[in-house]
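First comes the structure, then the notes that go with it.
The values are calculated or read from the model by the stated rules, or taken from the named source; none is laboratory data. Computed from a prediction, not measured in an experiment: that's the story for all the values here. Every residue, glycine among them, receives a Cβ derived from its backbone with ideal geometry; neighbour counts consider all protein chains shown.
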Amino acid sequence: MDIQDIKLKVEGISSLTDARYCAGMGVQKLGISFDAEGNPSLDLNAFLAVKGWIEGVTWTGKYLGSSILIFKELVQKFEISEWVISESLFYNLDLSELDGLDFCLYFENSKDLNKTNLRGLKGVEIVLGGSLLPENFLDEMGKINIDEVFLSGIPDAETIIRIHRSYPEIGFSLYSGEEERPGWMDLSNLQEVLERLEEI
């Protein structure tokens, strides 16, 4: 199995090193994460420099805060066209003012899918938080009309492979690493997963 056959996104990119590593390993989407105040995992100047070095990937932003003002400033500054956002932000946005952007909605629990109006969304990102899909997960997925489903919180490469073999349309969202000191990320967990995927 080719790792590039699996839909992979790595969020929390913080340097050229991890961006190049992920792109070299076949990851298709690289994401910048923002906290509630809009502080990025990679500052704007560094992002623009990194973006110039990396080709063949889609850049995404992840903002789970609820401030429309902060979000619009991030969109304008970073010029990222694909965003993962919170439900609270999504319901307060006027999508007609944000033409050309694609949105994925972030869910802590797949059960919330049935309570949400997903019209206008490109996809969803759902925290799996374990090695098993919820019992009614596929039923819920069958009821929604969106292009992309990404799972996050996957514990290991074997779980990714197992889910991918049954449901190749589902993607997986991984996190770049933990910051050991300012500007330095520990990528060991991410490397372990990606290199294991490459071996299988």
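General remarks:
- Top-ranked residue in the stretch 64-85 [being of a type outside the set (Gly, Ala, Ser) and within 19 Å of Ala19 (Cα to Cα); ranked as nearest to the chain's Cα centre (by Cα)]: Val84
- Matching option when the condition is over 18 Å from Leu30 (Cβ atoms), among the β-branched types (Val, Ile, Thr), without any contact (Cβ under 8 Å) to a residue 40 or more places away in the chain and not in a helix (DSSP H, G or I), among Ile163, Ile70, Ile146: Ile146
- Condition broken by Gly56, with the remaining ones in (1) touching a helix residue (DSSP H, G or I) at 6+ places or on another chain (Cβ under 8 Å); (2) at pLDDT below 90; (3) loosely packed, with under 12 Cβ neighbours inside 10 Å satisfied: (2)
- Among the residues listed as Gly56, Gly38, Gly26, the single one being closer than 24 Å to Glu108 by Cα and either polar (S, T, N, Q) or part of a loop (DSSP other than H, G, I, E, B) (or both): Gly38
- Pairs, first aromatic (Phe, Trp, Tyr) in the stretch 93-119, second surrounded by fewer than 16 Cβ atoms within 10 Å (Cβ to Cβ) and assigned to a helix (DSSP H, G or I), C-beta under 8 Å, six or more apart: Phe103/Leu95
- Any hit, the stretch 36-43, residues being touching an Asp or Glu at 6+ places or on another chain (Cβ under 9 Å), farther than 25 Å from Gln191 by Cβ and among the small types (Gly, Ala, Ser): yes
- Checking the stated criteria, Ser88 turns out to be closer than 19 Å to Ile126 by Cα, in a helix (DSSP H, G or I) and more than 15 Å from the chain's Cα centre (by Cα).
- When each of Pro182, Pro134 is tested for being out of contact with any Gly (no Cβ under 9 Å at 6 or more places or on another chain), closer than 23 Å to Thr60 by Cα and at pLDDT below 80, the lone residue that passes is Pro182.
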